[in-house]
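The values are calculated or read from the model by the stated rules, or taken from the named source; none is laboratory data. No experiment lies behind these values; they were computed from the predicted model shown. All Cβ positions, even for glycine, are placed from backbone atoms using ideal geometry, and neighbour counts span all protein chains on display.
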Amino acid sequence: MRIPRSRVALAFVGALLLIVALYTRVASADETAPAQIVMKDFKFTPMSLTVKAGTTVTWANKDDEPHTVTSDSGLFRSGAIDTDGTYSFRFERPGTYHFTCSIHPQMVGTLVVQ
Amino acid sequence: MSNDQPSRSRRNALKCLAYGGAGTVFALTGGVLTPIDLAVAADKTRGSKMGRPFFVQISDTHIGFNKPANPDVGATLTRSIELVNSMSIRPQLIIHTGDITHLSRPEEFDTAEQLLSQLAVSELHTVPGEHDVADTTVSEYFNRFGKASNNKGYYSFDHAGVHFMALINVLHFKPGGLGALGAEQLRWVNDDLRGQSASTPIVVFAHMPLWSIYEPWGWGTGDARLLIEQLRRFGSVTILNGHIHQIVQKVEGNITFHTARSTAYPQPEPGVGPGPGPLVVASDQLPARLGITTVSSIKHHLSPGDSTLADASGVAGGV
C-alpha cells in the first residue's frame, strides 16, 4: 500500500515537533529555570528547595513586615526586603546553603544545589 | 495610670485618651525605678506628685514604615516628642531602645535624627534594633550612633548616681533562635560591673527582651541568663527593652524587667496570629496602643497598691 507523500510529510513534521518539544523541555531543565521561595506568615515556603547549579533563586516577601535572606555562611545577604520586594542570588556551586531572616531568626530555610 | 481609679473624671479620661501614644516615665523610689505612664507624668497636677522626671524611654519608632497599621509614624513620634517637651520638669536624658528605622535606609535614619533632634533633652542614648542593622553592610546605624560605643554597640555611662549599660543583642542571631549578647560583650559586662558598688542602681537597656517572653517568635535573648547572673548582687536593677511593641513586666528579686510600647504601631500578643507583624487597629484606638516610657526620681514611697506591676497593668489596659 502506497502512503501518500503528504501523509509522510505530516508524520515527519509531527515527529519533528515532538523532538523539538522534548528537546526544549530537557534544555529548559538544563538551563535551570528560575526558582522562587516565598516569605509569607513569617515562613520561607518551601522551607527546603533543591536546584541545579547555575540556578537563580528569587525570594519574594509577601508579608507586611520586612524580611531578609541571610546566609549562615555569609555567602549572601539581601538587606531588608520590604513588602512585595524580591531578592535574587545565582548559585554556581553545588552544596547545602542554610539561610535565615536576620530580622526574624525563627525563619529558617535550606537550599540544596546539585 | 490605673484603671481602678474610681474618682477619675470624664474630663481626665478624655485627656488620657488624647495623650495615649505618649509613653511611660520611670520614677526612682528609694533607689528602685518605677515606670509611670507619660500621660500621667505630663499632667501638671498628678505629674508633680511623682517627683523629678529622671529619664524617658522611647522605642521602636520604625521611621520608614508606611503600612495601614500606621501610615504616618513621623506624626506619632512627633506627638510623643511634644509630650516630653511639654513636661514641666523635663528629664535630662532619653534612651531609645532600638528599631529607630524600619529598613535601615539612610533616608530613614536622616528623618529619625531630624525628628529626635527636636527633643528638648541634653542626652540621647541609643541601642540598635534588628531593623537598624538590616542593611547589607551593617553600617548605617553605626555611622550615626556608633561613636558612643566605639562601634561596638555596647557601652556604659553614669548619670545622677545611676549606672547605665547599653547592650546590643540583635547581631549574631542564632538561626531559628533568639537574640544574643555574645561572649565578648558578656566579658565586658563583667569588667564594667566589677568596680560598681552593690548599692548603685543599675539600668540595663537593649532592644530585644533580656528574658524569654515568647521563644517561637524569637522574643528573648538566648544568653541573657549569663547577664542576669552578674546583676543579682545589685540592690536595684532595671532592665528596659523594646522589640515587642507592648508593655510586659516582670520582677525577679531586685530586678525589674520592662518592655516598652512602640511609637509606631502595635504588635499582637505573644502567639496570637501567624507572627509578630504590624497589628492593624481602628485609627481611634491606635494612640492608646502606642507609647514611650519615662522615669522620674520620686520623692516619696509609693503605696503597695501603686507598685510597679499594678501600674503596668493599668497602662497595658489602655490609657
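Of all residues in the stretch B:166-217, those being farther than 30 Å from residue B:271 by Cα and either of a type in the set (Lys, Arg) or part of a strand (DSSP E or B) (or both) number 3. Scanning the stretch A:64-82 for residues that are farther than 21 Å from residue B:140 by Cα and hydroxyl-bearing (Ser, Thr, Tyr) yields a single hit, A:73. Contact map, the stretch B:116-138: residues that are in contact (Cβ under 8 Å) with a residue 40 or more places away in the chain paired with residues that are among the acidic types (Asp, Glu), Cβ distance under 6 Å, separation 6+ or inter-chain. Pairs shown: B:129/B:99; B:131/B:99.
Quick check: is even one residue across the stretch A:56-69 loosely packed, with under 14 Cβ neighbours inside 10 Å, within 14 Å of another protein chain (Cβ to nearest Cβ) and polar (S, T, N, Q)? Within the stretch A:56-69 (the criterion being loosely packed, with under 14 Cβ neighbours inside 10 Å, within 14 Å of another protein chain (Cβ to nearest Cβ) and polar (S, T, N, Q)), the answer is no, since none of the residues qualifies.
Considering only residues in the stretch B:102-135 that are aliphatic (A, V, I, L, M) and more than 14 Å from chain A (Cβ to nearest Cβ), the one that is nearest to residue B:205 (Cα to Cα) turns out to be B:127.
Of the residues making up the stretch B:138-193, those that are aromatic (Phe, Trp, Tyr) and buried (at least 16 other Cβ atoms within 10 Å of the Cβ) are B:141, B:142, B:145, B:154, B:155, B:164, B:173, B:188. The residues of the stretch B:236-257 that are under 10 Å from the mean Cα position of the chain (by Cα) and modelled with pLDDT under 90 amount to a single one, B:247.
Of everything in the stretch B:194-225, what is among the polar types (S, T, N, Q) and within 15 Å of residue B:130 (Cβ to Cβ)? Give them in sequence order.
Taking the stretch B:194-225 first, the residues among the polar types (S, T, N, Q) are B:196-197, B:199-200, B:212, B:221.
Result: B:221, single match.
Scanning the stretch B:200-217 turns up no residue that is of a type in the set (D, E, K, R), away from every other protein chain (no Cβ under 14 Å) and over 17 Å from the mean Cα position of the chain (by Cα). Just to be sure before I move on: is residue A:27 modelled with pLDDT under 90 and under 17 Å from the mean Cα position of the chain (by Cα) in the structure I sent? In short, yes.
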